[in-house]
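Okay, structure first, notes after.
The values are calculated or read from the model by the stated rules, or taken from the named source; none is laboratory data. Computed from a prediction, not measured in an experiment: that's the story for all the values here. For neighbour counting, all protein chains shown are included, and Cβ atoms are generated from backbone atoms with ideal geometry for every residue, glycine included.
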(Lines give C-alpha, C1' and ligand atoms only; values in the text may rest on other atoms or scores of the structure.)
Protein backbone atom coordinates (compact mmCIF):
# COMPACT_ATOMS: atom_id res chain seq x y z
CA UNK A 1 0.00 0.00 0.00
CA UNK A 2 1.43 3.35 -1.08
CA UNK A 3 1.30 6.51 1.06
CA UNK A 4 -1.21 9.20 0.13
CA UNK A 5 -1.23 12.95 -0.41
CA UNK A 6 -1.17 14.88 2.91
CA UNK A 7 0.18 11.89 4.81
CA UNK A 8 3.25 12.46 6.96
CA UNK A 9 6.51 10.77 6.04
CA UNK A 10 9.09 10.17 8.77
CA UNK A 11 12.54 10.52 7.24
CA UNK A 12 16.09 9.57 8.19
CA UNK A 13 19.10 10.35 6.01
CA UNK A 14 21.12 7.25 5.24
CA UNK A 15 24.49 8.64 6.30
CA UNK A 16 27.71 7.21 7.66
CA UNK A 17 27.70 10.05 10.19
CA UNK A 18 25.90 8.49 13.20
CA UNK A 19 24.66 11.88 14.43
CA UNK A 20 23.03 12.69 11.09
CA UNK A 21 21.71 9.15 10.58
CA UNK A 22 20.15 9.11 14.05
CA UNK A 23 17.98 12.17 13.51
CA UNK A 24 14.37 11.77 12.43
CA UNK A 25 12.46 14.39 10.46
CA UNK A 26 8.91 14.58 9.21
CA UNK A 27 7.45 15.94 5.99
CA UNK A 28 3.97 16.19 4.49
CA UNK A 29 3.35 14.64 1.07
CA UNK A 30 2.29 17.32 -1.43
CA UNK A 31 1.80 15.18 -4.53
CA UNK A 32 2.31 11.65 -5.84
CA UNK A 33 2.67 10.45 -9.42
CA UNK A 34 4.41 7.61 -11.24
CA UNK A 35 7.67 9.56 -11.49
CA UNK A 36 8.10 10.98 -8.00
CA UNK A 37 6.65 11.78 -4.59
CA UNK A 38 6.91 15.47 -3.74
CA UNK A 39 7.11 16.35 -0.08
CA UNK A 40 7.74 19.46 1.96
CA UNK A 41 11.26 20.07 3.25
CA UNK A 42 11.62 17.73 6.26
CA UNK A 43 11.53 19.37 9.68
CA UNK A 44 12.95 18.10 12.96
CA UNK A 45 10.04 17.45 15.29
CA UNK A 46 11.84 18.58 18.46
CA UNK A 47 14.06 21.46 17.29
CA UNK A 48 11.97 22.76 14.39
CA UNK A 49 15.07 22.87 12.18
CA UNK A 50 14.64 22.18 8.47
CA UNK A 51 16.80 19.42 6.99
CA UNK A 52 18.84 20.39 3.96
CA UNK A 53 18.84 17.55 1.46
CA UNK A 54 20.89 17.00 -1.68
CA UNK A 55 20.11 15.25 -4.95
CA UNK A 56 21.24 11.66 -4.58
CA UNK A 57 20.77 11.52 -0.81
CA UNK A 58 19.51 8.10 0.24
CA UNK A 59 16.65 8.06 2.73
CA UNK A 60 14.99 5.57 5.04
CA UNK A 61 11.30 6.47 5.26
CA UNK A 62 8.21 5.22 7.01
CA UNK A 63 4.57 6.26 7.19
CA UNK A 64 1.79 5.26 9.56
CA UNK A 65 -1.34 3.35 8.62
CA UNK A 66 -4.45 2.52 10.61
CA UNK A 67 -3.69 1.14 14.04
CA UNK A 68 -0.31 2.89 14.12
CA UNK A 69 1.39 0.27 11.94
CA UNK A 70 4.62 1.58 10.41
CA UNK A 71 5.34 0.90 6.74
CA UNK A 72 8.98 1.30 5.68
CA UNK A 73 10.71 1.90 2.37
CA UNK A 74 14.07 3.15 1.13
CA UNK A 75 14.31 5.90 -1.47
CA UNK A 76 16.55 8.55 -2.99
CA UNK A 77 16.25 12.31 -3.52
CA UNK A 78 15.65 12.98 -7.23
CA UNK A 79 15.65 16.78 -7.11
CA UNK A 80 13.60 19.77 -6.05
CA UNK A 81 10.60 21.77 -7.23
CA UNK A 82 9.94 25.43 -6.51
CA UNK A 83 6.26 26.23 -5.94
CA UNK A 84 4.77 28.41 -3.22
CA UNK A 85 7.17 26.50 -1.01
CA UNK A 86 10.15 24.37 -1.94
CA UNK A 87 9.35 20.70 -2.43
CA UNK A 88 11.68 17.71 -2.33
CA UNK A 89 11.19 15.05 -5.01
CA UNK A 90 11.89 11.45 -4.01
CA UNK A 91 11.66 8.19 -5.91
CA UNK A 92 8.36 6.39 -5.27
CA UNK A 93 8.69 2.80 -4.01
CA UNK A 94 7.23 -0.20 -5.75
CA UNK A 95 4.42 -1.72 -3.65
CA UNK A 96 6.51 -4.83 -2.91
CA UNK A 97 9.34 -2.64 -1.60
CA UNK A 98 7.21 -1.40 1.30
CA UNK A 99 7.62 -3.56 4.40
CA UNK A 100 6.54 -3.59 8.02
CA UNK A 101 10.13 -4.29 9.07
CA UNK A 102 12.85 -1.69 8.68
CA UNK A 103 15.64 -2.97 6.48
CA UNK A 104 19.25 -2.02 7.08
CA UNK A 105 20.33 0.09 4.15
CA UNK A 106 24.01 0.95 3.87
CA UNK A 107 24.98 4.22 2.24
CA UNK A 108 26.08 3.52 -1.35
CA UNK A 109 28.40 5.99 -3.07
CA UNK A 110 29.70 6.13 -6.65
CA UNK A 111 33.41 5.31 -6.66
CA UNK A 112 36.04 3.92 -9.01
CA UNK A 113 38.30 1.85 -6.77
CA UNK A 114 40.77 -0.82 -7.83
CA UNK A 115 39.57 -4.28 -6.88
CA UNK A 116 41.14 -7.73 -7.24
CA UNK A 117 38.71 -10.64 -7.59
CA UNK A 118 39.26 -14.37 -7.10
CA UNK A 119 36.33 -16.35 -8.50
CA UNK A 120 38.20 -19.68 -8.46
CA UNK A 121 41.75 -21.03 -8.47
CA UNK A 122 41.74 -20.58 -12.25
CA UNK A 123 39.81 -17.31 -12.51
CA UNK A 124 41.33 -14.17 -11.02
CA UNK A 125 41.11 -10.65 -12.41
CA UNK A 126 41.29 -6.96 -11.53
CA UNK A 127 38.60 -4.37 -12.18
CA UNK A 128 37.21 -1.01 -11.07
CA UNK A 129 34.20 -0.58 -8.83
CA UNK A 130 31.19 1.46 -9.91
CA UNK A 131 29.88 2.03 -6.42
CA UNK A 132 30.67 0.95 -2.88
CA UNK A 133 28.72 0.52 0.35
CA UNK A 134 29.08 -1.11 3.74
CA UNK A 135 27.03 -4.02 2.42
CA UNK A 136 28.59 -4.66 -0.97
CA UNK A 137 30.06 -3.29 -4.19
CA UNK A 138 29.36 -3.27 -7.89
CA UNK A 139 32.19 -3.55 -10.37
CA UNK A 140 32.67 -3.41 -14.12
CA UNK A 141 34.50 -6.18 -15.97
CA UNK A 142 34.90 -7.50 -19.50
CA UNK A 143 32.00 -9.69 -20.64
CA UNK A 144 34.51 -12.41 -21.58
CA UNK A 145 35.24 -12.95 -17.88
CA UNK A 146 33.00 -15.87 -16.96
CA UNK A 147 31.38 -14.79 -13.71
CA UNK A 148 28.01 -16.21 -12.74
CA UNK A 149 25.20 -15.10 -10.48
CA UNK A 150 25.04 -16.80 -7.06
CA UNK A 151 28.72 -17.73 -7.23
CA UNK A 152 31.05 -17.03 -4.30
CA UNK A 153 34.11 -14.81 -4.73
CA UNK A 154 36.94 -13.31 -2.70
CA UNK A 155 37.94 -9.67 -3.16
CA UNK A 156 40.58 -7.17 -2.13
CA UNK A 157 39.67 -3.52 -2.69
CA UNK A 158 42.14 -0.62 -2.57
CA UNK A 159 40.80 2.26 -0.43
CA UNK A 160 42.38 5.75 -0.62
CA UNK A 161 41.47 8.20 2.14
CA UNK A 162 41.41 11.99 2.04
CA UNK A 163 44.51 12.24 4.25
CA UNK A 164 46.56 10.39 1.63
CA UNK A 165 46.72 7.00 3.33
CA UNK A 166 45.77 3.86 1.42
CA UNK A 167 44.41 0.64 2.89
CA UNK A 168 43.10 -2.68 1.60
CA UNK A 169 39.81 -4.27 2.59
CA UNK A 170 39.31 -8.01 2.16
CA UNK A 171 35.93 -9.69 1.97
CA UNK A 172 34.09 -12.73 0.71
CA UNK A 173 30.99 -12.06 -1.32
CA UNK A 174 28.24 -13.47 -3.49
CA UNK A 175 27.46 -12.26 -7.00
CA UNK A 176 23.79 -11.32 -6.84
CA UNK A 177 23.42 -9.98 -10.38
CA UNK A 178 25.34 -9.68 -13.65
CA UNK A 179 24.05 -6.92 -15.93
CA UNK A 180 25.34 -6.70 -19.54
CA UNK A 181 26.26 -3.26 -20.89
CA UNK A 182 26.33 -2.05 -24.49
CA UNK A 183 30.09 -1.44 -24.36
CA UNK A 184 30.97 -5.14 -24.12
CA UNK A 185 31.30 -5.13 -20.36
CA UNK A 186 29.24 -6.38 -17.44
CA UNK A 187 28.21 -4.72 -14.21
CA UNK A 188 28.71 -7.30 -11.46
CA UNK A 189 26.81 -6.63 -8.24
CA UNK A 190 28.36 -8.24 -5.17
CA UNK A 191 26.94 -8.61 -1.68
CA UNK A 192 29.27 -9.10 1.29
CA UNK A 193 28.78 -12.52 2.89
CA UNK A 194 31.82 -12.55 5.18
CA UNK A 195 33.76 -9.41 6.04
CA UNK A 196 35.66 -8.73 9.28
CA UNK A 197 34.27 -5.76 11.16
CA UNK A 198 37.54 -3.83 10.88
CA UNK A 199 37.43 -4.25 7.09
CA UNK A 200 33.80 -3.11 6.90
CA UNK A 201 34.66 -0.04 8.97
CA UNK A 202 37.37 0.85 6.44
CA UNK A 203 34.79 0.73 3.65
CA UNK A 204 32.26 2.73 5.69
CA UNK A 205 34.86 5.39 6.50
CA UNK A 206 35.61 5.75 2.79
CA UNK A 207 31.88 6.05 2.00
CA UNK A 208 31.53 8.82 4.59
CA UNK A 209 34.45 10.78 3.11
CA UNK A 210 33.13 10.25 -0.42
CA UNK A 211 29.67 11.46 0.59
CA UNK A 212 31.17 14.69 1.94
CA UNK A 213 33.10 15.21 -1.31
CA UNK A 214 29.97 14.66 -3.42
CA UNK A 215 27.97 17.17 -1.37
CA UNK A 216 30.64 19.81 -1.98
CA UNK A 217 30.42 19.45 -5.76
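Brief remarks follow.
- Looking only at residues in the stretch 122-138 that are more than 15 Å from the chain's Cα centre (by Cα) and part of a strand (DSSP E or B), the one that is surrounded by the most Cβ atoms within 10 Å (Cβ to Cβ) is 127.
- Evaluated against (1) more than 13 Å from residue 25 (Cβ to Cβ); (2) without any contact (Cβ under 8 Å) to a residue 60 or more places away in the chain; (3) crowded, with 17+ Cβ neighbours inside 10 Å, residue 60 falls short on exactly one condition, (1).
- Each residue in the stretch 108-126 was checked for being over 20 Å from residue 167 (Cα atoms) and modelled with pLDDT under 85, and 0 pass.
- The stretch 22-38: number of residues that are more than 19 Å from residue 80 (Cα to Cα) and surrounded by fewer than 14 Cβ atoms within 10 Å (Cβ to Cβ): 1
- Considering the stretch 180-209, the residues that are under 18 Å from the mean Cα position of the chain (by Cα) and in a strand (DSSP E or B) include one that is farthest from residue 109 (Cα to Cα), namely 193.
- Qualifying residue in the stretch 198-217 (condition: in contact with a helix residue (DSSP H, G or I) (Cβ under 9 Å, 6 or more places away or on another chain), within 26 Å of residue 59 (Cβ to Cβ), surrounded by 11 or more Cβ atoms within 10 Å (Cβ to Cβ) and not assigned by TED's automatic domain parsing to the domain that holds residue 57): no
- Tally, over the stretch 22-75, of residues that are assigned to a helix (DSSP H, G or I) and on the phi > 0 side of the Ramachandran plot: 2
- When every residue of the stretch 165-172 is checked against the conditions, none turns out to be in contact (Cβ under 8 Å) with a residue 60 or more places away in the chain and touching a strand residue (DSSP E or B) at 6+ places or on another chain (Cβ under 8 Å).
- Of 84, 88, 41, all but one fail to be closer than 16 Å to residue 30 by Cβ, more than 14 Å from the chain's Cα centre (by Cα) and exposed (fewer than 13 other Cβ atoms within 10 Å of the Cβ); the exception is 84.
- Among all positions in the stretch 112-133, there is at least one residue which is touching a helix residue (DSSP H, G or I) at 6+ places or on another chain (Cβ under 9 Å), over 16 Å from residue 15 (Cβ atoms) and assigned by TED's automatic domain parsing to the domain that holds residue 149.
- If you check 162, 150 for being exposed (fewer than 15 other Cβ atoms within 10 Å of the Cβ), assigned to a loop (DSSP other than H, G, I, E, B) and touching a helix residue (DSSP H, G or I) at 6+ places or on another chain (Cβ under 7 Å), only one passes: 162.
- Taking the stretch 8-21 as the range and being part of a loop (DSSP other than H, G, I, E, B) and either modelled with pLDDT of 95 or more or out of contact with any strand residue (DSSP E or B) (no Cβ under 8 Å at 6 or more places or on another chain) (or both) as the test, the residues that pass are 15, 16, 17.
- Within the stretch 90-104, one or more residues are at pLDDT 90 or above, in contact with a strand residue (DSSP E or B) (Cβ under 6 Å, 6 or more places away or on another chain) and part of a strand (DSSP E or B).
- Any chance residue 116 is on the phi < 0 side of the Ramachandran plot and more than 20 Å from the chain's Cα centre (by Cα): yes
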